[in-house]
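Report on one structure; see the data block that follows.
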Amino acid sequence: MSGKNVTEVRLADLAGIAEAARILESGGLVAVPTETVYGLAARADSADAVAKIYAAKGRPDFNPLIVHVAGLAQAERYAQVLPEARALAQANWPGPLTMVLPRRADAGLATAVSAGLPTIALRAPAHPVMQALLERLDFPLAAPSANRSGFISPTTPAHVLASLDGRIAMVLDGGACPAGVESTIVAVRADGSVEELRPGPLQLGTRGGGESIEAPGQLASHYAPGKPVRLNAAAAAADEFLIGFGAVEGDITLSASGNLDEAASRLYAALHEAATAPQPRIAVAPVPDEGVGRAINDRLRRAAA
Ligand code: AMP
Ligand code: MG
């Protein structure tokens with residue numbers, strides 16, 4: 001796509017959602033709000049539309065996409081939903097849970113959404129705008145985070161424009177994303193076991209197996225603000241912009257009261273602000289590695305890598 005194209009930002013009212021649906025039906029790209037981060041959506045049943053996501057993001061083709069569905073019934077058209085997966089969906093959908101499941105041979109979706117894997121990642125998002133879109137479309141939406149590959153994820157329309165302005169047709173403005181970090185991803189195996197592939201807003205009590213080959217997109221360097229990042233900092237050096245948490249005050253704070261949900265919702269806005277601050281380096285206060293703090297620390301480690 002050419003950088004000369006104009007990206008329209010439209011309020012996610014009925015008319016805005018209708019226009020987004022029209023663009024998606026014709027194979028275009030729309031950045032859409034979800035409860036986690038803004039997603040860069042395209043119709044998952046079109047190889048051409050899905051190819052545009054990889055091109056706009058500059059995303060490596062071995063990194064598979066999450067396919068967003070309206071609910072369990074639609075999921076069953078694309079994946080083998082084992083009993084354990086069905087129970088997880090019933091307990092947590094719509095919500096920030098992505099399940100990696102065996103892909104059905106007759107799924108009829110672009111092969112690129114799975115990056116050649118025999119599995120497919122599915123999620124039913126809870127955000128009312130995304131739900132309204134999915135309910136009026138008769139295809140699911142492939143949607144990775146709406147940022148250039150490797151850069152900071154977006155939780156506002158301004159964050160989307162910071163790296164994709166002119167590369168996509170439209171941003172559907174649904175305000176700031178409430179959860180603020182990407183979905184929890186689990187793989188549900190044929191034997192019914194569940195492995196966490198990426199920590200996120202939802203805590204299932206399963207711990208991951210570390211650097212799993214089954215999460216090929218989980219690149220070590222990701223969410224990068226383009227400056228050195230130092231973690232677990234109690235205070236800032238002279239040339240550092242400090243992101244605080246709890247008792248560590250900082251230039252800005254993830255949460256002055258030490259609330260992890262608040263910290264998650266502010267994480268990417270803080271990294272965007274740090275990226276544009278005059279200081280050449282970023283320092284981040286320690287964040288407890290519990291609950292959604294595990295997801296925050298996972299993203300911070302990748303931002304620092
Ligand atoms: P993003 O949408 O940018 O948060 O990235 C989606 C992530 O989902 C990727 O980084 C992958 O790690 C993961 N993912 C998507 N599909 C699969 C799959 N079939 N198997 C394993 N992981 C997947
Ligand atoms: Mg991403």
Within the group Ala169, Ala162, Ala143, Ala158, which residue is out of contact with any Ser or Thr (no Cβ under 9 Å at 6 or more places or on another chain) and either within 12 Å of ligand 2 (Cβ to nearest atom) or of a type in the set (A, V, I, L, M) (or both)? Ala158
In the list Pro178, Pro154, which residue meets the criterion of being modelled with pLDDT of 95 or more, over 16 Å from Ile53 (Cα atoms), in a loop (DSSP other than H, G, I, E, B) and not polar (S, T, N, Q)? Pro178
Would a scan of segment 155-175 turn up a residue that is surrounded by fewer than 19 Cβ atoms within 10 Å (Cβ to Cβ) and either β-branched (Val, Ile, Thr) or closer than 22 Å to Arg123 by Cα (or both)? yes
Please list, ordered by first then second residue, the pairs with beta carbon atoms under 9 Å, 6 or more apart or interchain, first in segment 190-204 and in a loop (DSSP other than H, G, I, E, B), second polar (S, T, N, Q) and open to solvent by 40 Å² or more (accessible area, probe 1.4 Å). Ala190/Gln80
Scope segment 241-260; condition in contact (Cβ under 8 Å) with a residue 40 or more places away in the chain and surrounded by fewer than 23 Cβ atoms within 10 Å (Cβ to Cβ); matching residues: Gly244
State all residues of segment 213-235 that are open to solvent by less than 30 Å² (accessible area, probe 1.4 Å), within 16 Å of ligand 2 (Cβ to nearest atom) and either in a loop (DSSP other than H, G, I, E, B) or modelled with pLDDT of 95 or more (or both); if no residue qualifies, say none. Ala215, Gly217, His222, Tyr223, Pro225
Do we have Ala238 as at pLDDT 95 or above and either surrounded by 15 or more Cβ atoms within 10 Å (Cβ to Cβ) or within 21 Å of the chain's Cα centre (by Cα) (or both) here? no
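Quick one: would you say Ala179 is closer than 18 Å to His68 by Cα, within 15 Å of ligand 1 (Cβ to nearest atom) and more than 13 Å from the chain's Cα centre (by Cα)?
It is false that Ala179 is closer than 18 Å to His68 by Cα, within 15 Å of ligand 1 (Cβ to nearest atom) and more than 13 Å from the chain's Cα centre (by Cα).
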Taking segment 269-280 on its own, how many of its residues are in contact with a strand residue (DSSP E or B) (Cβ under 9 Å, 6 or more places away or on another chain) and of a type outside the set (A, V, I, L, M)? 4
Which of the residues that make up segment 54-73 are within 22 Å of Leu101 (Cα to Cα) and hydrophobic (A, V, I, L, M, F, W, C)? Phe62, Leu65, Ile66, Val67, Val69, Ala70, Leu72, Ala73
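The values are calculated or read from the model by the stated rules, or taken from the named source; none is laboratory data. Just so it is clear, the structure is predicted and the values come from calculations on it, not from any experiment. Every residue, glycine as well, gets a Cβ built from its backbone with ideal geometry; the counts of neighbours run over all protein chains shown. Just the protein is used for accessible areas: all its heavy atoms, side chains included, with ligands, DNA and RNA removed. Shrake-Rupley method; radii C 1.70, N 1.55, O 1.52, S 1.80 Å.
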